[in-house]
Amino acid sequence: HGPVLKPQRCVPDHRTTMRRQHLLGHLSLLSLALAANGEAAAALSSSSSPPPPPADRGRRAFAGLLAGTLSSVLFQPFDVVNTRMQVAPAAARAGMLRTASAVWREGGAAALWAGTVPSAVRLAGGIMLYFVFLGEAERAARAAFGELRGAAKGALDFALGGGSRTAAAFIFCPITVLKTRAELGGGGGGGLLAQLASLARREGAAGLWAGIGPSLARDVPYSAVSLLLLRYLQQRLRALGGIPEVVAAAAAGAAAATCATVATQPADVLRTHLVMAPQDKRLAALPALSALLRQRGAGALFVGSKARVCRRMLMQALSWGIFQAVVG
């Protein structure tokens, strides 16, 4: 028999052991890095996910529709008196109360509430668009500039107030033309759509958007000044403490409307004269202003201001009070 061979056991040398230890170390570091990277990616994904759609759009639209409808029904007589005084020199000399009494004698309650339907459409739609546009613009401004304070916040409120009103004033200008003519007894027959169609056939786009320049010159600065003062006065009233938010919003809205109405009254007078001028005698805004000053003097630019201040003050108090109660 030959010699018996014993199996030899393979013993790893020192280099092999070191390689294994290095490999295990690299694998453990790689697993930790992957875990940390996964957590960071999850956090980044959650932070960059798009925000949910704003929940207050519907509430803003509802607040605008409600405020506009109630304002047109409750305060339309002030607008009728304001329009009569701006057009008729005798009514301007008589004053607000005597003009209202004369309108009542002519046609009773129906005459004082003349133009309520187009007024309701214009105010409800206009205030609804204003509240919605304002909310979207404020949201975009916060995303772009962050939270502003002091003079920068005031400048932003001024710009947002004017910009949000521009689109609404342009869209509802044809309704405003019908409302003004109805207040002076010049409304056509049929419903609102039939009257718009008739106006378009007779006078075209110039008739539908008659007085659009003075309308924008009235509404855009009015809304800019009004929102600026509203936000400032709300902050002052909150600082006093103990005043409910709805009451503070209504009071601030009334005070802001008073100042803004007086500042924009000349543009309202000029708009009324342009709307009521016959088509063949309708002038541009500046020539019409020059003719008005020559015929009736500078005092004509503020005729009807008391009636308009009363209406705007009450309307703004109601609108912002409703807005605060519905939107918050």
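When the dipole is taken about the Cα centre of the stretch 116-259, and only Lys, Arg (+1) and Asp, Glu (-1) are charged at their Cβ, what size is it in debye, to the nearest 20? Kindly include the intermediate steps, with their values, before the conclusion.
Numbers: 14 positive and 8 negative charges, 14 e Å.
Around 60 debye, computed over the stretch 116-259.
What does the accessible area per residue of the stretch 143-270 come to in Å², with a 1.4 Å probe and no ligands, DNA or RNA counted? Could the numbers behind the result be given before it?
On the way: 5680 Å² over 128 residues.
I get 44 Å² per residue for the stretch 143-270.
Under the rule a/c < 1.5 gives rounded, and otherwise a/b versus b/c splits prolate from oblate, where does the stretch 87-214 land using the Cα gyration tensor? Note, shape of the stretch 87-214 comes out prolate.
Using 1/(1 + (r/R0)^6) with R0 = 30 angstrom and r between the beta carbons of residue 194 and residue 102, what's the FRET efficiency to the nearest 0.05?
0.50
Between residue 202 and residue 277, the FRET efficiency from the beta-carbon distance, with R0 = 25 Å, is close to 0.95. Protein heavy-atom surface of the stretch 174-287, 1.4 angstrom probe: 67% of the accessible area is carbon and sulfur, with nucleic acids and ligands not counted.
Across the stretch 133-187, how large is the tail of the calculated P(r) beyond 13 Å, expressed as a percent of all Cα pairs?
Of all Cα-Cα distances in the stretch 133-187, 67 percent exceed 13 Å.
Think of a 1.4 Å ball rolled over the protein heavy atoms: the stretch 87-127 then has 51 Å² of accessible area per residue. Local charge sum around residue 104 (other residues, Cβ-Cβ under 12 Å, Lys/Arg +1, Asp/Glu -1)? Neighbourhood net charge equals +2.
The values are calculated or read from the model by the stated rules, or taken from the named source; none is laboratory data. None of the values given here were measured: they were computed from a predicted structure. Virtual Cβ from ideal backbone geometry, glycine too; neighbours counted across all protein chains shown. Protein only, heavy atoms only, side chains kept; ligands, DNA and RNA dropped before computing areas. Shrake-Rupley method; radii C 1.70, N 1.55, O 1.52, S 1.80 Å.
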